[in-house]
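In what follows, a single structure is set out as structure tokens and then discussed.
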Amino acid sequence: MTTPEKHLVLCIDDERIGLRVRKLLLEGAGYEVLTAPDGPSGLASFDAHPVEAVLLDFSMPGMDGGEVAAQMRSRKPEVPILLLSAYVGLPAEIDGLVDGYLTKADDAGTLLARLQNLLPTPSAARGPS
Amino acid sequence: MNLNQLNRILSQALFLPVIALLLLSGVLIWQIFSAWTTVNRIQTVDQNIATIDLISAMIANEQTGVSNFQTSASAAFLQPYETAIEPLKENMQKLRDGVASQNGDVHTVDLLMMAHHVWVSTVAIPAIDAAREHRTPPLLDSDDEATMDTIRRLESGILRSQQVERVSLADHWQQQLLKTLAVVVGLTVITGLLIGIFTYSRLHKVSSAFEDTMEALRRNAHSTYESEQRLRATLTSIGESVVVCDVDGSIELLNAAAQQLSGWTQTEAFHQELRDVFPLQDEITHLPLVAPFATASHIQQTAGASSSAVLARKDAEVFVDYSGAPIFDHSGELTGSVIVFRDVTEQRRTQAALLTSEKLAVAGRLAASIAHEIHNPLDSVVNLLYLLKKDPSPADRAEFIDLAQGELARVTQISRAMLGMHRESRTPVVLDISSILRSVMVLLERSMTEAGVTVRTRLATNAVATGYPAELRQVFTNILTNAAQASAPGTHIDVSVRTRPARRARSDAPARPAGVCIAFTDQGHGIPPKVLSDLFQPFFTTKGERGTGLGLWISKGIVEKHGGTISVESKTDPDDHGTTFNIFLPRGESGVESVPAAETKSPRKSEPERSEPTTVA
């Protein structure tokens, strides 16, 4: 796990435990993980680091996932965003804004597979080292 | 014409003839007086005539006496002459006075007196003297004769003038009599006519006033009849059931709707007791109600207030609202009551349907919120299980298991709160309001967090009220959800529960029972006054598609069913805004009268969620 090609993923969720477990999960799967407990601090991390993918919770106090995604799209449209939600459905206006969404408590394997699909292969993205 | 005018006319009719007759009698008295004066004058004239006759006779006696004495010289023949001298003087004077008194010709009398004097001195005395001296008496010459002739002429002149006077006075008296008669008759006729005309005109006035009064009475009677007919028609055609009772609560009138509602006809129900025709029962307990409006005191106490009951008809049960009003006669005496019944069965059904639909809407909203609550910890558990499957180090494994247990405990807590939410209770139970509020807030935690709102609580312990827990949860959920939706992120909602002691009635405030006051205060923009008044109306919403407009209406119904009150105050000032809902729930028995004592003190007082109170902060 010391390869420099680790992808940097940003996780934003107001659920403290959920965020912690997700970080453990992603790190176990070989990602480098940044976490943020709300929209504004998430956007700050997004601007400050070369984030390659974002895992974003939808329902958060203050700024919800939809707003955060819109801000991110306007700043770095190329970064893929995967929206997580505890609700079964999402508001229609969010649909076109993100690259995909997942319902919380789905299988963890599904989450990892979706994330993998969104990221360019290490070789394609970074070229031969 | 009023009574005063009539009285004036009556006194005019009495006094005017009296005054007229008094005037007439004045005229009569005056006429009689002047006739009496005339008669007096006639009497004077008669006296004068008698006097002149006497004078003539006396002078004739004197003359005869003198001449006989002359011839015979016998003193006896002279006696008439001598005896006549003094009376003649008196009578002369009397005649003079009599003539003078009627303004007659005194001069003639004076002439007579003078002529007589001349005769006495020139004829009689010389003749008498000569006879006494036995002398040859002087012969009576022509002058003597002339003197006597003058006397005779004057006498007859006076007599004639007195006779003429008498005739003229008699004429005058007769004319006066005729005139008097004419005046009396004339005045009588005129006065009679005037009195007649006057009385006629006055009485005519009275009679036309009487006629007017009669006409007005006829018109009144007519319009009274018409208005009674109109009222009767109104009463008959009115959709509500109207019952008129006498003061003892026995029926006098049922309108068509009331006949239909009760199943009794007017004839059957007439003079029957109201409680027999309308057997009312309590809505919840179905125990017969004490017959309303059967006593005067009950009529006056309950006037205007509307009550609800079940009308237990032979064929069906009908939900009714009813209210009554007292009937007073013109002296303010209570003579009966009017009771209006309204069939609200359909309305109750609709209300029940609306209540159910709102309950479902609330449940739906809660379900979404609950799913969200459960999905979050489940998500962690799913991920942790995935990690555990990857065969982690023992230290990691222990941490993962701890985390998973913690998250599952959250799921349990939420599901328990949900259970409490949907436990329906058929009978009211004693409730700890603070713990109910806590359980509601557990479920609403997520919505509060999402709205960015902090709930601050001050919940008194031992805040006990009696009622239906599921319904009160619905009320609290509704008000808290509204508050969260009205709040801006970063603001607070304050929830307080405190107990309130009972208060006896005072002069400045009515009595109120002991109970629990619950206040929900948000810091939202506030509610404009014109919206405020409609807040508790059904289907009133400010949320457009998102709201059913039933929440507060149902909340109010629930609170009132508990015997409590709900009110709202709101400030919309830019610097000081927010809305407070105040709910009061009585501690006591108001909602539990129908429940046997054993069930009132429910052993289920400790709700499941009470063991795990959660305060959102």
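Values quoted throughout were computed directly from the atomic coordinates according to the rules given, and no laboratory measurement underlies them. Quick caveat, the model's predicted, so the values are computed rather than measured. Note: ideal-geometry Cβ built from the backbone for every residue, glycine included; neighbour counts use all protein chains shown.
Tabulated results
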| read-out | value |
| --- | --- |
| Binned Cα-Cα distances of region B:3-209, short to long, each 5 Å bin given as a whole percent | 1, 6, 12, 11, 10, 8, 7, 6, 5, 5, 4, 4, 4, 4, 3, 3, 2, 2, 1, 1, 0, 0 |
| HN-Hα J in Hz across region A:93-108 - Karplus 6.51, -1.76, 1.60, θ = phi - 60°, x for Gly and Pro | 5, 7, 3, x, 7, 10, 8, x, 9, 10, 8, 4, 6, 6, 4, 4 |
| Distance between region B:188-212 and region B:306-358 - C-alpha centres, whole angstrom | 64 |
| Sequence-distant residues sharing a close amide H with B:Leu253 (under 5 Å, placed H) | B:Val244 |
| Residues of type aspartates and glutamates that B:Lys89 reaches as a straight line, Cα spacing below 15 Å, ignoring anything fewer than 8 places off in the same chain | B:Asp53, B:Glu62, B:Asp97, B:Asp110, B:Glu155 |
| Cα centroid of region A:1-52 to Cα centroid of region B:22-79, whole Å | 176 |
| Residue order, fewest to most surrounding Cβ atoms within 10 angstrom, among B:Asp391, B:Asp46 | B:Asp391, B:Asp46 |
| Helix axis angle, B:433-451 relative to chain B longest principal axis, alpha carbon, degrees | 70 |
| Whole-Hz ³J(HN,Hα) from phi, Karplus 6.51 cos²θ - 1.76 cosθ + 1.60, for region B:9-26, glycine and proline x | 4, 4, 6, 4, 5, 7, 7, 4, x, 4, 5, 4, 5, 4, 4, 4, 5, x |
| C-alpha long axis of helix B:469-486 to longest principal axis of chain B, angle in ° | 90 |
| Placed amide H near A:Ser59: partners under 5 Å, 5+ positions off or other chain | A:Gly65, A:Ala86 |
| Karplus-derived 3J(HN,Hα), 6.51/-1.76/1.60, for each residue of region B:345-357, Hz, glycine and proline x | 4, 4, 4, 4, 4, 4, 4, 4, 5, 5, 4, 4, 5 |
| Lysines whose Cα lies under 18 Å from that of B:Lys359, excluding same-chain neighbours fewer than 8 positions away | B:Lys543, B:Lys556, B:Lys561 |
| Sites B:Asn4 and B:Ala216 - FRET efficiency at Förster radius 22 Å, r taken between beta-carbons, to 0.05 | 0.75 |
| Residues B:Arg503 and B:Ser207, FRET efficiency given R0 of 56 Å [Cβ-Cβ distance, rounded to 0.05] | 0.20 |
| Fewest-first sequence of B:Ile436, B:Ile195 by Cβ atoms within 10 Å of each Cβ | B:Ile195, B:Ile436 |
| Shielding by partners - mean other protein chain Cβ count within 10 Å, residues of B:403-409 | 2 |
| Full-stretch length increase - B:Arg232, B:Leu28 - with 0.36 nm per residue and alpha-carbon distance subtracted | 66.3 nm |
| Chain A: Cα Rg divided by the 2.2 N^0.38 Å rule of thumb | 0.99 |
| Number of partner chain Cβ atoms within 10 Å, mean per residue of A:52-61 | 2 |
| Set of lysines near A:Lys76 by C-alpha distance (under 30 Å), chain-local residues within fewer than 8 positions excluded | A:Lys6, A:Lys23, A:Lys104 |
| Scattering curve values for the protein assembly as shown, log₁₀ I(q)/I(0), Debye with Cα scatterers, q = 0.06 Å⁻¹ | -0.68 |
| Protection proxy ranking, peptides B:8-16, B:214-222, B:573-581, A:64-72, average beta carbon neighbours within 10 Å, highest first | A:64-72, B:573-581, B:8-16, B:214-222 |
| Computed lengthening from B:Ala353 to B:Val189, 0.36 nm per intervening residue step minus Cα-Cα distance | 49.2 nm |
| Fewest-first ranking of B:Cys517, A:Cys11, B:Cys245, using other Cβ atoms within 10 Å as the exposure measure | B:Cys517, B:Cys245, A:Cys11 |
| Mean separation of Cα contacts under 8 Å (6+ apart) over length of chain B, as relative contact order % | 8 |
| For B:Arg313, residues with placed amide H under 5 Å, excluding near neighbours | B:Val318 |
| Neighbouring partner chain Cβ atoms per residue of B:386-393, average, 10 Å criterion | 3 |
